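Values quoted throughout were computed directly from the atomic coordinates according to the rules given, and no laboratory measurement underlies them. The shown structure was predicted, so the numbers you read here are calculated from the model rather than taken from an experiment. Cβ coordinates were reconstructed from backbone atoms using ideal geometry, including for glycine residues, and neighbour counts include every protein chain displayed.
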Amino acid sequence: MSQRMSQRLSRSSRAEHDVAIANASLHDAADTPVKESTSCIDSLLQIVRGERQINHVAMALKLSLGTNIMIVLTMTAVAIASKSLALLSTLVENMIDLFVQGLLAYAGTRSGKKQDYAKFPAGTSRLEPVAVIVASSVMVLVSVVFIQEGVKKLVDGFAHDNPETPHLTVEAIVLAGIAITTKIFLVLYSRWVLKTHSSPAVEAIQDDNRNDVVSNTFAITAYIIASVEPKAWYVDAVGAIVIFLLIMFAWAKMGKEQVMQLVGVCASAEFIEEVKELCNTHNAKLSLDIVRAYHFGSKYLVELEVVVPADMTVKDAHDIALQLQFKVENLEDVERAFVHVDYKARDYDEHIVSREEDALLTYAGYSGGETPTSSRASNYTPLPQNDVEIVVASPVASGDSSVHFQEMKE
């Protein structure tokens, strides 16, 4: 799977939805509601008669998944028997692609189940970057093993002047040719689908299959040259090393990006500006004080601190803030949003000063005969604020946004 595929899938909520659709049955992936069929044949007949419309997004994803399955099943024995590292490199790449696509399909299906929220209150969207990290780790390890094998084959061949050449078989060439042709068809089909449908998952599949066409063509060419010309036996090993080096670095970079997202790297400046613009146009009585946005897996967690007039009722403040929360959570890349309402702007970060020993006394309006400490927080009572009820909200876990506090303010 290409690096671009990971970036697009991990930065769009629609990708999970598309993969979930692809995991569904063909008759469920229809745009026109009709009576549910009990067999695939009935569904196909209804499509032929025009009673159902094909969901081409689901079809493209399922065809890509099915192609990888067929390549793995048919190429395994042939690639091993050929003793060609170049052919084995394409087989391994397709196996990892199949593994990742299966995990992403599972992640999309899990994300679409309502009962998941009883067990996973924050959702299961982080299953996708975890799957990519696992796959990247496996791919880097496999690449190192095959690179080592390629180097060993080169050293032994040049040292003993009796190199082992790959076995040229018609089956290997035919199967590799079919695989390349099928992936070319998938690239063209995906391009056609994207003319009428907007789907990041299909875009990613298109990029992935296009890259596979290039790598598979390079591998089969190296295999044929090394098999036909004995003096060029090293081409097969060199070709495999080059392919695995590219695969290893691409997956290592991809895994690093997903780790950064799980840790909570800051959102892009463009996204933060989009959130600011939404807040500034939300309500005339509300002003934005601080915005924090950072990755919460593949999507963003957004924290907003807004200011409303001190004399505004709790009901009005709550309704305005809740409407803003809904607007932000409807953004494509947002996993969850929290809106904290205040009656004045602050020149400090409440999540940072809350760790100070006298935070309750200095910042939270508490008083008592003892110096406030976090371990005795329940012993203190709030100071009256002109009969206005003070609501102390549960703290939200703050991520490292890598942005100075003043830069979070407008």
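Side notes on the structure shown:
- Placing pseudo-labels 7 Å out from each Cα toward the beta carbon at Ala232 and Leu245 gives an inter-label distance of 2.0 nm.
- Zone of Gln323's modelled label, taken as backbone nitrogen in region 263-301 under 16 Å from a point 7 Å along Cα→Cβ: 278-288
- Zone residues, region 282-298, relative to Met260, backbone N less than 13 Å from point 7 Å out along Cα-to-Cβ: 295
- Packing, as the average of other Cβ atoms within 10 Å across residues, places the peptides 212-223, 119-130, 313-324 in the order 212-223, 119-130, 313-324, highest first.
- Per-peptide packing, taken as the mean over residues of other Cβ atoms within 10 Å, places 71-77, 173-179 in the sequence 173-179, 71-77 from highest down.
- Protection proxy ranking of 237-243, 82-88 - average other beta-carbon atoms within 10 Å, highest first: 82-88, 237-243
- Length added when fully stretched, Ile80-Glu274, from 0.36 nm per residue minus Cα-Cα: 64.6 nm
- Taking each residue as 0.36 nm, the span from Glu356 to Lys285 lengthens on full extension beyond its C-alpha to C-alpha distance by 22.3 nm.
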